[in-house]
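> The following block contains the structure, expressed as structure tokens.
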Amino acid sequence: RHTGMQFVVDPGADASIGGMVACGASGTTATKYGTMRENILGLECVLPDGSVARCGTKALKSSAGYDLTSLMTGSEGTLGIITQVTVKLQPIPSFVLSAVCVFDELHDAAAAVAMLKLCGVDAARCELLDTTSVDAFNQYVASHR
């Protein structure tokens, strides 16, 4: 059902919400919206002794007690198995612009991103592909045809 809202953490096509919480996923939208840790309002997990723990709140900000939601996020399943997650949703933007930039040096690419942020450009996504990454991607695609 279309609500005008979206879940913004985007680590990849095959990721599950629980898996994203367990590994503390990020992705190309982390530049604007943060990682999985910043986009979870609450969760339920089964602890090693079999008890069920519910942590978090529907409030966007809370300072009551330990932050168990952040503790579970990124714990890779070592502290418990995540069974339910309440995520933060963001409004779908009314328009999207896209750009591809090429830099000779990694430092120049990093400086450009820093300058965009410094100038207040509201970039939702940012991705860096170096020559090694592009070569690996092309080899993978070629070997799976």
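The values are calculated or read from the model by the stated rules, or taken from the named source; none is laboratory data. Since the structure is predicted, the reported quantities are computational estimates derived from the model, not experimental observations. In this analysis, Cβ positions are derived from the backbone assuming ideal geometry, glycine residues included, and neighbour counts consider all displayed protein chains. Only protein heavy atoms, including side chains, enter the accessible area calculation; ligands, DNA and RNA are left aside. Shrake-Rupley method; radii C 1.70, N 1.55, O 1.52, S 1.80 Å.
> With every protein chain present, what is the per residue accessible area of the chain (1.4 Å probe, Å²)?
74 Å²
> Next question, about the same structure. To the nearest 10 degrees, how steeply does helix 106-118 sit against the main Cα axis of the chain, on a 0 to 90 scale?
Tilt of helix 106-118: around 60 degrees.
> Further question: Exactly which trypsin sites (Lys or Arg not before Pro) in the stretch 38-116 are in a DSSP loop and have at most 11 other Cβ atoms within 10 Å?
Lys58, Lys61
> Another question, if that's okay. Determine the gain in length on full extension of the stretch Cys101-His144; use 0.36 nm per residue of separation and subtract their C-alpha separation, reporting nm with one decimal.
Gain on stretching Cys101 to His144: 12.7 nm.
> Quick check on the chain: helices-only [θ] at 222 nm, where DSSP H runs of length 4 and up contribute -39,500 (n - 2.57) each and the sum goes over total residues. Nearest 500, please.
Computed mean residue ellipticity for the chain: -8000 deg cm²/dmol.
> On the principal axes of its Cα set, how long, how wide and how thick is the stretch 29-145? Give whole Å, largest value first.
Taking the Cα atoms of the stretch 29-145, the three principal extents are 53, 41, 28 Å.
> Taking the Cα centre of the stretch 1-143 as origin, work out the dipole magnitude from +1 charges on Lys and Arg Cβ and -1 charges on Asp and Glu Cβ, in debye rounded to 20.
With only Lys, Arg, Asp and Glu charged at Cβ, the dipole is about 800 debye.
> To the nearest 10 degrees, how steep is helix 131-143 against the longest Cα principal axis of the chain, on a 0 to 90 scale?
Between the helix axis and the principal axis of the chain, the angle is about 80 degrees.
> Using Cα pairs under 8 angstrom and six or more residues apart, how large is the relative contact order of the stretch 14-110, in percent?
32 percent
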